[in-house]
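A quick write-up on the structure given underneath.
What follows draws every value from the coordinates through simple rules; no lab data is involved. These numbers come from a predicted model, not from an experiment. We place every Cβ from the backbone using ideal geometry, glycine too, and count neighbours over all the protein chains shown.
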Amino acid sequence: MDLNLQGSLLDLTDEMTLRDVATDLTRHELGRGAWVDVRAGWLAAGDELFTVLLRDVPWHAERRQMYDSVVDVPRLTKFYAAGEQLPHPILVEARDALSRHYAAELGEPFVTAGLCLYRDGRDSVAWHGDRIGRSRESDTMVAILSLGSARTLALRPRDGGAIPGSTTKSLRYPLGHGDLVVMGGSCQRTWDHAVPKTSEPMGPRISVQFRVAGVR
């Protein structure tokens, strides 16, 4: 797969490491019990991880029924179920660190990892909530580690109305190399999220989504 990542000029270390989750973590209250935590630069020096995942993950191209046609899903994916070996030890470290940090609020560990590869700005994910399984009726968390080129994570109320206390209808979080975002509380039930297409020149991005058992 001929995709290249330009190394970050912002990392001041050559050693790949996870920084403390709580340091510089910012919570954004969305209303109706939903919130988003953002921790910029959680993973330092992540170029090696990006390269390993790009090379070693058995990426899968999906096709999906849309109206009267079957179309290509505009990204590549791979899902690692609970107990399945992850493709790099630092992903195990990341999953365990998140489980410890959110233990009091979440009440259970993160156990699965879903990976998406956005090859360029034409790859995307449409508006949706992770509502397959228990998250359809219950609060949960989805933690995302972003690697590679910066892309925007957009959120909007599920009912399509304006954001509480605002006249705007969506929020946008630019996620860079090594950034962490966690969607929690009622976010999956009451909000939708997306990674929009962009016409800007864009390199590849990999997202790693950690979830609890029974949530997709």
The ³J(HN,Hα) series, computed from each phi in segment 195-208 with the Karplus coefficients 6.51, -1.76 and 1.60 at θ = phi - 60°, rounded to the nearest Hz and given as x for glycine or proline, is 10, x, 5, 9, 8, 5, x, 9, x, x, 9, 10, 10, 10
Computed over the Cα atoms of segment 22-211, the Rg and Dmax in Å are 16.2, 49
Work out from phi, with θ = phi - 60° and the Karplus expression 6.51 cos²θ - 1.76 cosθ + 1.60, the ³J(HN,Hα) of each residue of segment 176-185, listed in order in whole Hz, and give x for Gly and Pro. x, 5, x, 6, 10, 9, 10, 9, x, x
With 10 angstrom as the radius, rank Phe79, Phe50 by how many other C-beta atoms surround their C-beta, starting from the fewest. Phe79, Phe50
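Given charges of +1 on the Cβ of Lys and Arg and -1 on the Cβ of Asp and Glu, with all other atoms neutral, how large is the dipole of the chain about its Cα centre, in debye to the nearest 20?
Numbers: 26 positive and 28 negative charges, 178 e Å.
With only Lys, Arg, Asp and Glu charged at Cβ, the dipole is about 860 debye.
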Output ordering of 141-148, 154-161, 192-199, 179-186 (per-residue mean of other Cβ within 10 Å, highest first) is 141-148, 179-186, 192-199, 154-161
Euclidean distance between Cα centres, segment 168-216 to segment 94-115, Å: 17
Can you compute 3J(HN,Hα) from phi for each residue in segment 148-156, using the Karplus curve 6.51 cos²θ - 1.76 cosθ + 1.60 with θ = phi - 60°, rounded to whole Hz and x for Gly and Pro? x, 5, 5, 9, 8, 9, 9, 10, 8
